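Taken together, the values in this text are just the output of simple stated rules run on the coordinates, not laboratory data. Because the structure is predicted, anything quoted here is derived from the model rather than measured. No Cβ is skipped: glycine too gets one built from the backbone with ideal geometry, and neighbour counts run over all protein chains shown.
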Amino acid sequence: MRTKMVAGNWKMNKNLQEGVALATELKEAVKNPIGTPFIHLATVAELLKGSAIKVAAENCADHEKGAYTGEVSAEMVKSTGAEYVILGHSERRQYYAESYEMLAEKVRLALANGLKVIFCIGEVKEEREAGKQNEVVKAQLEGSVFGLSAEEWKNITLAYEPVWAIGTGLTATPAQAEEIHAYIRSLVAEKYGKEAAEDTTILYGGSCNEKNAAELFACPDIDGGLIGGAALVAEKFLAIIAAR
Ligand code: PEP
């Protein structure tokens, strides 16, 4: 049985006090990871201890430890009480040149340190216009996560996020999203078997909000959402969770 989930991604928004205030408002919501900036992790994880909300980092280093000034390792993330890490977000790929290989290493280290991974994939506008979305997501999966063992795979949640829909107000239609989610699930089935594919949670992300969430989440292969902008306002995020 796969888990239905709505995860929030605060990105580089909210100072510590604002983050604590938002987490306090969300405290009673069930089973939803929220991704916070590194410096919020320990405080928010402590605040949400005992609640059903899990805390996620938005990144971790591609090295175990050592002379990497400014980096935060998977072990450090885990030591804050966070249970998840979001990896492969298109903003990391685009602005910080995160390659398939680098992401494969981040995923490996995250899992080795007991974190669960929300792994993001998705095509840019030009790739969608050229009808290349399937080959893009396939390459992203093969390049960074299809080297994992079946046991490791159990700790992977996928998030399909068409880059053209992130923060733009353009959402994939439920039909567009369902089509590619079903394709992604078929790739997981080819690699890890049908049962593992059925158990894999695949989230949709990209301008998902309280108005369009219910229609998207009603699709058979869409198991919830990864929410950016709308996760910054408790009322909106809670309405999306209610649509799950
Ligand atoms: C995201 O960045 O993961 C995202 C889905 O953002 P938004 O909801 O703002 O499009």
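Things to note:
- Estimated from the Cβ-Cβ distance and a Förster radius of 22 angstrom, the FRET efficiency linking Glu135 and His63 is about 0.15.
- The range 1-61: GluC sites (Glu not before Pro) in DSSP loop, at most 10 other beta carbons within 10 Å: Glu28
- Length released on extending from Glu18 to Ala214, taking residue separation times 0.36 nm less the Cα-Cα span: 67.8 nm
- For the residue pairs Lys132/Lys211; Lys78/Lys106; Lys14/Lys49, the alpha carbons lie more than 25 Å apart in Lys132/Lys211.
- In this structure, the amide hydrogen of Val6, modeled 1.01 Å from its nitrogen in the peptide plane, lies closer than 5 angstrom to those of Gly225, counting only residues at least 5 positions away or on a different chain.
- Simple spin-label estimate for Glu151 and Ser51 gives 3.4 nm between the two label positions (7 Å along the Cα-to-Cβ direction from each Cα).
- Within the same chain, aspartates and glutamates fewer than 8 places from Lys27 are excluded, and of the rest, those with a Cα less than 15 Å from its Cα are Glu18, Glu46, Glu235.
- When only Cα pairs below 8 angstrom with a gap of at least 6 residues are kept, the chain shows a relative contact order of 21 percent.
- Highest mean first, the peptides 127-135, 75-83 sorted by other C-beta atoms within 10 Å per residue fall in the order 75-83, 127-135.
- What the Cβ-Cβ distance of Ala196 and Ser99 gives, at R0 = 22 Å and to the nearest 0.05, is a FRET efficiency of 0.25.
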